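Trainee: Please find one structure pasted underneath; my questions will follow.
The values are calculated or read from the model by the stated rules, or taken from the named source; none is laboratory data. Note that the coordinates shown come from a computational prediction; the quantities given were computed from them, not determined experimentally. Cβ atoms come from the backbone with ideal geometry, glycine included; neighbour counts cover every protein chain shown.
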Amino acid sequence: MSGLCLTRRVADPNRPCLACAIVRGEARPPGGVVWRGEGFVVHGVADPSPLLGWLVVTSERHVPAFDDLGGDELGRLGPLAARVARAQRTALGAEHVYALALGDVLRHFHLHLVPRFADTPERLRGRRCFDAAPGEARPAEEIEGAAAAVRLVLEREGIR
């Protein structure tokens, strides 16, 4: 698997688990892996993104939901998500970063970190970012560039 729209290329992204494939390096979402460690992988969102810098924090361990994570994992998740959100704001000029864990489609814990910019249209703010039309997807080179910019900020801050 590679390229855009990974979750829509398979009938069921849970069989086999798309998140596990990303964690193992068998599938590469747009933007690739930005950071890996502490039991989590930070990577680009698997579907076409209408917003630059949309990243996902996925547990390396296959668990279906937030409340299935262990206490040690939960203790690392918050600080990691905050570091990534700060890097998104620094690298991309985001005003805010939404943290959304829905679990409606993919049954492997993942936390979406979705930047909001000054010019983000109201129809793409908050949970509505998931409702973007296919034609609103940003070009692949812009997605790759945004992920690389966030990766660079994380590396400069010593988060490898």
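Trainee: Only residues that are polar (S, T, N, Q) and either under 24 Å from Glu136 (Cα atoms) or out of contact with any His (no Cβ under 8 Å at 6 or more places or on another chain) (or both): list them for region 45-96, please. Can you show your working first?
Mentor: Our first condition is that a residue be polar (S, T, N, Q); within region 45-96, this holds for 49, 58-59, 88, 90.
Scanning region 45-96 gives Ser49, Gln88, Thr90.
Trainee: Of the residues Val105, Val57, Val114, Val153, which single one is among the β-branched types (Val, Ile, Thr), under 15 Å from the mean Cα position of the chain (by Cα) and surrounded by fewer than 21 Cβ atoms within 10 Å (Cβ to Cβ)?
Mentor: Within the list Val105, Val57, Val114, Val153, the selection yields Val105.
Trainee: Could you tell me how many of the residues in region 44-97 are among the acidic types (Asp, Glu) and in contact with a strand residue (DSSP E or B) (Cβ under 8 Å, 6 or more places away or on another chain)?
Mentor: Step one: of region 44-97, the residues among the acidic types (Asp, Glu) are 47, 60, 67-68, 72-73, 95.
The next check asks that each one be in contact with a strand residue (DSSP E or B) (Cβ under 8 Å, 6 or more places away or on another chain); those that pass are 60, 73, 95.
Going through region 44-97 one residue at a time, the tally reaches 3.
Trainee: Need the failing condition index for Leu113 against (1) assigned to a loop (DSSP other than H, G, I, E, B); (2) closer than 28 Å to Glu136 by Cβ; (3) modelled with pLDDT of 95 or more, just the number.
Mentor: (1)
Trainee: Using beta carbons and a limit of 7 Å, which pairs, at least six apart or on different chains, have the first residue in region 20-38 and surrounded by fewer than 19 Cβ atoms within 10 Å (Cβ to Cβ) and the second one part of a helix (DSSP H, G or I)?
Mentor: Listed by first residue and then by second, the contacts come to Gly32/Ala147; Glu38/Arg76; Glu38/Leu80.
Trainee: Look through Val33, Val42, Val63 and report the one residue that is in contact with a helix residue (DSSP H, G or I) (Cβ under 9 Å, 6 or more places away or on another chain) and under 17 Å from Leu100 (Cβ atoms).
Mentor: After applying the criteria, what remains is Val42.
Trainee: Is it fair to say Ala149 is among the small types (Gly, Ala, Ser) and within 12 Å of Leu51 (Cα to Cα)?
Mentor: Details: among the small types (Gly, Ala, Ser): yes; within 12 Å of Leu51 (Cα to Cα): no.
Spelling it out, it is not the case that Ala149 is among the small types (Gly, Ala, Ser) and within 12 Å of Leu51 (Cα to Cα).
Trainee: So which residues in region 140-160 are assigned to a loop (DSSP other than H, G, I, E, B) and without any contact (Cβ under 8 Å) to a residue 40 or more places away in the chain? Steps first, please.
Mentor: Initially, region 140-160 is screened for residues assigned to a loop (DSSP other than H, G, I, E, B), giving 157-160.
Listed by number, the list holds a single entry, Gly158.
Trainee: So, one more: With the requirement that a residue be farther than 22 Å from Ser59 by Cα, hydrophobic (A, V, I, L, M, F, W, C) and surrounded by 13 or more Cβ atoms within 10 Å (Cβ to Cβ), what does region 130-142 give you?
Mentor: Hits for region 130-142 are Ala132, Ala137, Ala140.
Trainee: Right, another one. Are any of the residues in region 80-91 more than 15 Å from the chain's Cα centre (by Cα) and exposed (fewer than 15 other Cβ atoms within 10 Å of the Cβ)?
Mentor: No; the residues of region 80-91 include none that is more than 15 Å from the chain's Cα centre (by Cα) and exposed (fewer than 15 other Cβ atoms within 10 Å of the Cβ).
Trainee: Assess whether Ala137 counts as being in contact with a helix residue (DSSP H, G or I) (Cβ under 6 Å, 6 or more places away or on another chain), touching a residue at least 60 places away in the same chain (Cβ under 8 Å) and among the small types (Gly, Ala, Ser).
Mentor: Details: in contact with a helix residue (DSSP H, G or I) (Cβ under 6 Å, 6 or more places away or on another chain): no; touching a residue at least 60 places away in the same chain (Cβ under 8 Å): yes; among the small types (Gly, Ala, Ser): yes.
Judged against the criteria, Ala137 is not a match.
Trainee: Same structure, new question: Being of a type outside the set (Asp, Glu) and in a helix (DSSP H, G or I) narrows it down to one of Val84, Val97, so name that one.
Mentor: Val84
Trainee: Now for a separate question. In region 97-124, what count of residues is obtained for those that are in contact (Cβ under 8 Å) with a residue 12 or more places away in the chain and more than 28 Å from Leu18 (Cα to Cα)?
Mentor: Count: 3.
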